[in-house]
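Peer 1: Before I ask anything, here is the structure I am working with.
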Amino acid sequence: MTGRAVRLGLRENRAQFALLVAVNAFVGAMVGLERSTLPLVGRHDFGVSSSAAVLAFIVAFGVAKACTNLAAGALAARVGRRRLLIAGWAAALPVPLLIAVAPSWGWIVAANVFLGINQGLAWSMTVVMKIDLVGPRRRGLALGLNESAGYGGVALAAGIVGWLAADFAARDILVVAGAVIAVTALLVSIIWVRDTAAHVALEQSASPLGGDERPPTLRDAFARATVREPALRSCSQAGLVNNLNDGLAWGLVPLYLAAQGRSVAEIGLIAALYPAVWSLAQIWTGHISDTVGRKPLIAGGMLVQAGALALLALGDGAVGSAVGAAVLLGLGTALVYPTLIAAISDAVTPVARAPVVGVYRFWRDTGYVLGGLIAGLTADALGYNGAIGVVAGLTALSGLWVVFDMPGRGAPNTEPLPAAR
């Protein structure tokens, strides 16, 4: 591709953008396969009685994904976004195989290490590549579309697997569907996806430092996104707590609903409804954040999530309250999810984008680790309602952190990160 052919914008890059949207739907579907049934497989197929032991698969997934996000952000400029995307889909290939032959729950946990690597590489690269293509003006909309596709895939896969599991073995469904998704997405990425390095260079040429700026060191990016910069640290902690409560929804809620006598089909419906609302609403919320600012949506979304979890705990597993909680949790997450990445991208220059987004995604997906540990251990000690109540409180505190720590409305910060030496 020549320099003249490279242009920034959603319309100008609609073919590649649409292809990356489709790829991210596959990324979401890969993890969505587990949403409604895998905790139940742990209980019924492998006889795992402890909630903490069942949720070990989420801890393994979170550790692998968080560390892969960090590595992907640091390697994106050197290795290339497209190559990392392909590597992510190659890492997905062992997942259905390990689930198929697993003689013990430990093999399922190991499969989720590979799934975490897949999600860390593939989702990170589709996010960053879409931001590269559209440029700064419609970043929120682009991220809304990206996350909508990903969590639409989560919702569709969770609903279909829950529905089919009423008549077929859930484990068999996971294996067949996982293999089809992984192979298809790998071939699409190899044949049709193009790298976006030229788009990054074009956008960077218009920044204050022009094309002379180099990507920040991982140490500099990590320090600023974690501690130094209020806008970045507010996003990092909110992302962590968001995925903490998502880990609870993924791993503990199916067990909670089953304990209250809900059927597999009802659990599948509720497990699908939450990411479905999340998926559809993100198109609107991402676009709105480009106008009203990032902070109101992030703070408000965390508080809505806290209310949804409180409703779930108070409802004692009744279908009506669980459905209402799923809708509210999906809406709150839609307000937060694309807006956080847009806010992070606002605060850095184009060449710093991948490393800083990688640090943010490291902290965000560390939330799965903490969610699995807190939800599992607290459920064993206090029961399901107590665990859900604790996570609701942490989510409310995170929203208040954003209110008091994040500056302004989440306006862009043009201060560049220190360049690598």
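The values are calculated or read from the model by the stated rules, or taken from the named source; none is laboratory data. Remember, predicted model here, so these are calculated numbers, not experimental data. So basically every Cβ, Gly included, is an ideal-geometry build from the backbone, and we count neighbours across all protein chains shown.
Peer 1: Look at residue 75 and say whether it is touching a residue at least 40 places away in the same chain (Cβ under 8 Å), surrounded by 17 or more Cβ atoms within 10 Å (Cβ to Cβ), closer than 17 Å to residue 119 by Cβ and within 23 Å of the chain's Cα centre (by Cα).
Peer 2: No: the conditions fail for residue 75.
Peer 1: Going through region 282-313 one residue at a time, which ones are under 20 Å from residue 248 (Cβ atoms) and of a type in the set (A, V, I, L, M, F, W, C)?
Peer 2: Across region 282-313, the qualifying residues are 298, 302, 303, 304, 306, 308, 309, 310, 311, 312, 313.
Peer 1: Related question: Would region 15-33 turn up any residue that is at pLDDT below 95, part of a loop (DSSP other than H, G, I, E, B) and surrounded by fewer than 23 Cβ atoms within 10 Å (Cβ to Cβ)?
Peer 2: Among the residues of region 15-33, not one is at pLDDT below 95, part of a loop (DSSP other than H, G, I, E, B) and surrounded by fewer than 23 Cβ atoms within 10 Å (Cβ to Cβ), which makes the answer no.
Peer 1: Taking the condition at pLDDT 95 or above, out of contact with any Cys (no Cβ under 6 Å at 6 or more places or on another chain) and charged (D, E, K, R), does residue 43 pass?
Peer 2: no
Peer 1: What single numbered condition from (1) of a type in the set (Gly, Ala, Ser); (2) in contact (Cβ under 8 Å) with a residue 12 or more places away in the chain; (3) closer than 24 Å to residue 172 by Cα fails to hold for residue 22?
Peer 2: Evaluating residue 22 over (1) of a type in the set (Gly, Ala, Ser); (2) in contact (Cβ under 8 Å) with a residue 12 or more places away in the chain; (3) closer than 24 Å to residue 172 by Cα leaves (3) as the failure.
Peer 1: Give the residue that is surrounded by the most Cβ atoms within 10 Å (Cβ to Cβ), with candidates limited to residues of region 231-247 that are of a type in the set (A, V, I, L, M) and in contact with a Phe, Trp or Tyr (Cβ under 9 Å, 6 or more places away or on another chain).
Peer 2: Restricting to residues being of a type in the set (A, V, I, L, M) and in contact with a Phe, Trp or Tyr (Cβ under 9 Å, 6 or more places away or on another chain), the top hit is 238.
To keep it simple, each residue is scored yes or no on (1) buried (at least 24 other Cβ atoms within 10 Å of the Cβ); (2) of a type outside the set (D, E, K, R); (3) modelled with pLDDT of 90 or more.
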{"position": "303", "(1), (2), (3)": "no, yes, yes"}
{"position": "313", "(1), (2), (3)": "no, yes, yes"}
{"position": "322", "(1), (2), (3)": "yes, yes, yes"}
{"position": "329", "(1), (2), (3)": "yes, yes, yes"}
{"position": "349", "(1), (2), (3)": "no, yes, no"}
{"position": "388", "(1), (2), (3)": "yes, yes, yes"}
{"position": "404", "(1), (2), (3)": "no, yes, yes"}
{"position": "411", "(1), (2), (3)": "no, yes, no"}
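Peer 1: Out of the residues in region 217-230 that are of a type in the set (Lys, Arg) and within 21 Å of residue 72 (Cα to Cα), which is surrounded by the most Cβ atoms within 10 Å (Cβ to Cβ)?
Peer 2: Across region 217-230, the extreme among qualifying residues is 224.
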